[in-house]
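A.B. asks: Following this message is one structure expressed as structure tokens.
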Amino acid sequence: MCAKIEEDTNSNLYKNLLEGNKQFVEESLKIDPEYFTNLAKGQAPPVLWIGCADSRVPANQITNTAPGEIFVHRNIANMVIHSDMNMLSVLDYAVNVLKVKHVIVTGHYGCGGVTAAISNQQFGLIDNWLRHIKDVYRLHAKELDQIADMDERCDRLVEYNVIENVYNLCKTSIVQNAWQIGQPLGVHGWVYSLSTGIISDMKVSAYDNANMENVFRFK
Ligand code: CO
């Protein structure tokens, strides 16, 4: 019985999404009858977005951009892990084929992944993913340990997690090779506020590897 009720609710929800799609198509065509024909011709987005999978942080809506303008990769807590083939494939395609001008790591305050990582609780498989955030904490433990308010401490760790993931991007051979051949490419870190909708720039933008620790620098 319960399963049946649940199925009905779920199937309504599912149908609503398809209904929503119909509305999207109608409204888009009303504004521009060639909308989909033009989009289907190809993409040339100038930006790669690496964001959190959180449903409240959709790249296009919060930057007031349209389909075709942002190439998107999302995972839990907007991580750039140097052995993640998924992220590396997206980055390689974006930089070397699409020739994006900017790569932006966008975190958000109140990130569940960061909150989980700061705690001592186990959450299962994901603990292995969140371990990278614990490493970020370790790098900045001196400052973070001083922040008594846990929400404030989480927010600061969200910022440091973005900053370290910007550095992780810069350390990849993909980004450094683009810089090496003089391809214009900026790497940036942003944090989005769920409660105000405002994006803050972490001001760690990089356009070359001049300030990178020597051991990470490729010739
Ligand atoms: Co998040």
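The values are calculated or read from the model by the stated rules, or taken from the named source; none is laboratory data. Quick caveat, the model's predicted, so the values are computed rather than measured. Backbone-built Cβ (ideal geometry, glycine too); neighbour counts: all protein chains shown. Accessible surface areas use protein heavy atoms only, side chains included; no ligands, DNA or RNA. Shrake-Rupley method; radii C 1.70, N 1.55, O 1.52, S 1.80 Å.
A.B. asks: At least 2 residues that are touching a Cys at 6+ places or on another chain (Cβ under 8 Å) and farther than 15 Å from Cys111 by Cα in each: list the helices (runs of 4 or more DSSP H) lying fully within region 140-216 that qualify.
C.D. replies: Because the criterion is at least 2 residues that are touching a Cys at 6+ places or on another chain (Cβ under 8 Å) and farther than 15 Å from Cys111 by Cα, no helices (runs of 4 or more DSSP H) in region 140-216 meet it.
A.B. asks: On to the next question. Anything in region 164-198 that is β-branched (Val, Ile, Thr) and either out of contact with any His (no Cβ under 9 Å at 6 or more places or on another chain) or open to solvent by less than 10 Å² (accessible area, probe 1.4 Å) (or both)? List them, or say none.
C.D. replies: Selection gives Val166, Ile174, Val175, Ile181, Val187, Val191, Thr196, Ile198.
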